[in-house]
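Comments concern the structure below.
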Amino acid sequence: MEVSISMPGDLHNHSTCSDGSVPIHRLPLMAARAGLDTMAISDHDTLLSVNYCYEHPVQDGVHLLPAAELTGYDHEHRHRVHLLCYYPDPENRELREHCDILRQRRNECGLQSAKEIEALYPQFRTEQALEYAKDSGVLFKSGIMEALHQLGLCDAVYGRLYSYLFGWEPRGVVLHQVKYPSVQEVLATAKAAGAVVVFAHPTVYKSMPLVRQLAKEGMIDGIEVEHPRNSPEDKAECAALCKQYGLIHTGGTDFHGANHKVPHPVGTCTTEEDQIARILELAHQRRGIDV
């Protein structure tokens, strides 16, 4: 396998294939203009971005890494968990079932929330929010908020109205919680699909206890150390865990375009080329494919 990566890459980005605001075909040029050699488009619980990147391994001079950000639930600590899965097999049965189930569950929750919002705001119609789900096939909360934003009912996608409708503490008035598989189930799915698994943004869901456990048990291949929302303390510990257990040290912006409370452009957080090479090598070993 030849590895030709010569510059840092941004290994965590989202498009309209899930809850980002930018169509997937526009992301590579944004990476190129940021001076990046590599980009991973890692949409939530979908194979759309995976298949796109397999079909377009290089676009606008940028190497695209197929990836999906899979969601699980840590029952012990009562938090969601996001796992970045690089080079998964898109034909794997377990992975396809995971994506199908979460698409169905998200849509059930989203449609119920939208119905309740129609009663709160007569200007709003579910059909308008569904326009933002055309690429993904999923009615994400961000799509509902984009519709409300267009109607002039809020000044931002993730602002006060979002907290009122969908917040966790206090609980939003139209929030319906998606039932996620356990993190152990998601890890098994990722393993069955031959993916290289990196634990995403540990600070976001207060996941450091779980990261320590999974690193010690050899259940993950890497940790996303560089992320806009990781605390300095967690970043330092994650880097130490990577060194202690020989894990891959990654960085990603978690770009969502306009669908983000605090905007960060592509390339804000990056992964060094030697760590990208480790991902490629593991993918080659597990999948037997040239990458």
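The values are calculated or read from the model by the stated rules, or taken from the named source; none is laboratory data. Owing to the predicted nature of the structure, the values given are computational and were not obtained by experimental measurement. FYI the Cβ positions are ideal-geometry reconstructions off the backbone, even for glycines, and counts take in every protein chain you see. Surface accessibility is based on the protein's heavy atoms, side chains included, excluding ligands, DNA and RNA. Shrake-Rupley method; radii C 1.70, N 1.55, O 1.52, S 1.80 Å.
Before moving on, here are some points about what is shown:
- Residue check, Arg286 open to solvent by 60 Å² or more (accessible area, probe 1.4 Å), in a helix (DSSP H, G or I) and under 26 Å from Asn92 (Cβ atoms): yes
- Filtered residues of segment 221-241 (kept if open to solvent by 10 Å² or more (accessible area, probe 1.4 Å) and more than 27 Å from Leu27 (Cα to Cα)): Pro232, Glu233, Asp234, Ala236, Glu237, Ala239, Ala240, Leu241
- Residue identified as at positive phi, out of contact with any helix residue (DSSP H, G or I) (no Cβ under 8 Å at 6 or more places or on another chain) and small (Gly, Ala, Ser) among Gly137, Gly152, Gly159: Gly152
- Hey, Asn259 under 30 Å from Val157 (Cβ atoms), in contact with a Gly (Cβ under 9 Å, 6 or more places away or on another chain) and either open to solvent by 60 Å² or more (accessible area, probe 1.4 Å) or part of a loop (DSSP other than H, G, I, E, B) (or both) or not: yes
- Filter pass, Thr271 being closer than 14 Å to Val197 by Cβ and surrounded by 15 or more Cβ atoms within 10 Å (Cβ to Cβ): no
- When every residue of segment 204-215 is checked against the conditions, at least one turns out to be part of a helix (DSSP H, G or I) and either without any contact (Cβ under 8 Å) to a residue 12 or more places away in the chain or at positive phi (or both).
- Note on segment 91-109: among residues that are touching a residue at least 60 places away in the same chain (Cβ under 8 Å) and open to solvent by less than 70 Å² (accessible area, probe 1.4 Å), the one that is farthest from Leu139 (Cα to Cα) is Asn92.
- Checking segment 236-249 against the condition returns no match, with no residue being among the basic types (Lys, Arg), in a helix (DSSP H, G or I), out of contact with any Cys (no Cβ under 8 Å at 6 or more places or on another chain) and in contact (Cβ under 8 Å) with a residue 12 or more places away in the chain.
- Hits in segment 160-177 (condition: open to solvent by 20 Å² or more (accessible area, probe 1.4 Å) and either in a helix (DSSP H, G or I) or in contact (Cβ under 8 Å) with a residue 40 or more places away in the chain (or both)): Arg160, Leu161, Tyr162, Ser163, Tyr164, Val173, His176, Gln177
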